[in-house]
Each structure stands twice: as structure tokens, then as C-alpha cells.
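Throughout, read-outs are computed from the coordinates displayed, never taken from laboratory work. Not measured: the values here are computed from a predicted model. When we count neighbours, we look across all protein chains shown, and the Cβ atoms used for this are built from the backbone with ideal geometry, even at glycine.
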Amino acid sequence: MTVWPLKFRECGDGDFLFTDDAGGFFLSDQSFLERYIGDTLSLADQTFLRENGHSFEQEGDPDWTAFAYRWARRQSKQQELSYVILVPTLRCNLTCGYCQVSRAPETARGFDWSDGTLNAALGFIAAMKGPRIKVEFQGGEPLLRVDLLEQIRLFTRERFPGSQFVVCTNLQRLGDREWGFLEQADTFVSTSLDGDRDTHQRQRTHDDPTTDTFFKNLADAVRRLGPAKVSALPTIDVDAPPNFEELVGNFERYGMQSIYLRPINHQGFARRRRSDPHSIAKWNALHSSFIDYLIDRNHRTGRYVEEYYFSQCLRRFLRSGADDHVDLRNPNFFASDYIVIDHDGQLYPTDEARMLSRIGRVDLSIGTVTAGIDQAKIQLLNSASLNNFDPDCIHCAYQPFCGTDVVDDLSRDGRIDLVRTDTWFCQRHMHLFDKVIEVVSRRDDAALRSVAKWARVPSWGDHMIPVHT
């Protein structure tokens, strides 16, 4: 019998997590670790490993083939381009201090699509294969150029019936034309809601009238469009976070049960903040306490709110194919299924890449909407966009479930060859997966119920996590 190589990580209380390259996992103890390392596995060890898919008798047998299949399922598949982020204007009517896109003032000139850029963007969309595509309008504040949004949507509907449109808007200025655009069945709204009113005003709107306008328009959006068509994201200042109860209560008030807790990004104007971009201990502690709070709150109320990214990591850990979020893809190839067209017609592999280029940190553009994609640049970026051969990742128990973020590494460190465990990305995800193991190992009713809801399974029990003793 041959055992597939196992990676391990101590979980506390004498337990260890063991994983293999295909994402198989189980919990065991120090004595098993010593037997595994010393090549003195008992008959019971061998039986457990064989029954749980961690070994095979000979190359090509059913166990070997099954492992190869599971490994392949863990790899993110190259897909056709079907998602495009459009930035028709970089101008904005707010002055958020943590703005990560380095917006331009509302009255500025030269930050909107020209007629030539619009026509080239339409041609770019026409060349996509479909049959459906998703168009996300970013900014600045895209509704400042609702005329461009209307032209893009009309053209895309004719070319790809049944496609979807998302408008990322601050909801500050909505007239009849803007509401008319948003109220269509194929169009969705994404906005920012930074917790309680005081936090939102401090970080974004800055005065009472502007704050009043936002909350009125948010309520109107939920009423007119329906809560399923409106999503919101909080951006959290770790040094001045909102009250958890007020944050979650505000989201529930507008019918939102999923909250993506995001730290202030180290991009754009946010780079001017004096906080240490490499210190993540505060964020990890805050995030962990938020997960614990949700578990307790869900149990008290019977209403199961999730933290979106934690749920993504949980599902990614439990099964293959849960790689909708790009940070958790591996390989995470650029310009595969989505791309960004900026206000000046430049193409970028991600929204963060265009932010990083805007401040002059590094040029991560990959061509223009007129000339097309620069494949040489894509190949250069893609060469570093997988963790399978990283000298640090290959020994990590969480490697099968994790991804890569070259752009974040460049933003924070100016290079991509640091020891992986020194990066923000790695430290954040090590914490996240440690928290996943902690939560799924709990046996109290509160944790069991929340984990089941977040994992999208009917119930959660001891049988969900293999344990070898």
C-alpha cells in the first residue's frame, strides 16, 4: 500500500489536521503523526487511510484513479471570458477617505469614456463568445454616466439575451432616469454600507444631509427593486470598527443575510493612511470575534446571517468546485473569465490591478480595448498565479483549499518572491482556515446549526469531519 503524501497542522488540544493534495482531510493525534513519520503505520491506520481515499495499492487502480479525479476537481478550470468590469467614468460625487480606486472629482475632465472608447468597448463585448455574459459597472460613480450604461446594456441585451448587469453605486444621486435603469429585471445594485449610521457617515458621507440621502435611497432601492437585487458591502477600519450588533442589525433591516467583512484595502487613496499595511493581527482578531458573534447571534435569533468570505472558505475546505471567489482559485489565471476596461480604455486583469496602476506603483495593464490583450504580459502574470509549486505552499496543510493574489503581494511588498508566510494574503488565509477548523470541530448546538447553514447542508454532525484515533 502506498500512502499519498500527507501535510499536517496542529489544531490545539493535541489534535492535528492532516490533508492530501486532492483536498482529502481528517483529524488525528500526535501518536498517529509519529507512526506516519516513522513509517510504522498500524493495520488500523492502513485501513482508515485506504477507506478514506488516502492510499492506493498500485498505479491505475480505482483508488489511484479516484485520487487523480479529486485532485483535478480541486484545480480551477480555464474558462471562456464571460464577465467584464467596465469603468465608464472615474469621477465620483463622494470623497471617501479610504477610496481604493483613486477617484477623480465630479467636475474633473478627461476621466470619462470617449466615443472611441465606447465603440471599442462595444466591439470587445461583441467578440465575447457567450451565450451569456455579466457586465459590472464600476467607477468612480458609474451613474454619473447613465447614458453610457444605457448604451452598453442595450447593445449587450441584443447580442447576449439573458445576460446580467450590476451597478456598483453609492446611491447618492438617483433621479427618474437612474431609477428607470436600475428597475429593469436583469439589473442589480451593489453598494457600500459601513455598519451603523455614525460609522458610515465618518468614513463616507461626512455630513447629515448626505447620510440621510444615502439611507433613504437604500431603503427605496430595497422597496422598489426587492432585497434579492440589492447587495451591500461594509469596509471596516480595524482601528475604529462598527458595533457588531448595529452592523448586522442594519443589514438585516434591509433584508440582507450575507455580510462580506472587508478590511480597508491597501490601494488608491487608502495607502495614505498611517496604519501598517503588513500588520494583520488586529484584523484576524476582529474577524474571529465576528464569526463567534454571528454563531451566538444566529442561535439566539434563529436568523442565520453569514460572513460571506468565511462561508466561501468553509465550503472550499469541505468540497471541490467552490471557487467562485477569485482569491480562492488555484490556478488563478488572469484574463481567463473576466477582465476590466478602465475609463481610458486600458485593460486590466483585475480591479485591484487597475487601482495599483493608477497610483503609479506598477503598470499592470494588459493592453487596450482598441488593440486587444497583450498575451505576453498575461503569460508573465500567470506564471506566478498558482500555488502548486511554491516552496512554502507545498508544505502547507491548507494548500489544496487556498489560492494566490499576486496583485496584493505587489501592492504591499513591491515583489512576489517573499517567504509566503510573511505576506498579508497568507497570514489572512491561515487565520481563516484555522478558524474553519475550530468552528467545524465544535460540538455545541449553536456552532452546529450555523455551520450547516453556511456550508449549505441540511445538518451538521460528527460524521462530517473524519477523525482517526
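Brief remarks follow.
- The percentage of C-alpha pairs in region 1-74 whose separation is greater than 16 Å is 48%.
- Across the cross-link table entries LYS77/LYS134; LYS216/LYS282; LYS216/LYS453, which are compared at the Cα atoms, the separations over 29 Å belong to LYS216/LYS282; LYS216/LYS453.
- Loop-located trypsin sites (Lys or Arg not before Pro) in region 156-247, at most 16 other Cβ atoms within 10 Å (DSSP): ARG173
- In a DSSP loop and with at most 16 other Cβ atoms within 10 Å, the chymotrypsin sites (Phe, Trp or Tyr not before Pro) in region 356-433 are PHE389.
- For the chain, calculated [θ]222 nm from helices alone, where every DSSP H run of n ≥ 4 adds -39500 (n - 2.57): -11500 deg cm²/dmol
- Whole-Hz couplings from phi, Karplus 6.51/-1.76/1.60, listed for region 364-374; x for Gly and Pro: 10, 5, 10, x, 10, 5, 7, 8, x, 7, 7
- Amide N of region 10-35 lying under 19 Å from the label point, which is placed 7 angstrom from the Cα of GLN75 along Cα→Cβ: 20-24
- Farthest positive-ward along the chain dipole, Cα basis, beta-carbon charges - from ALA285, PRO88, PHE16: PRO88
- Within the chain, longest stretch clear of exposed GluC sites (Glu not before Pro) (DSSP loop, no more than 16 other Cβ within 10 Å): 184-469
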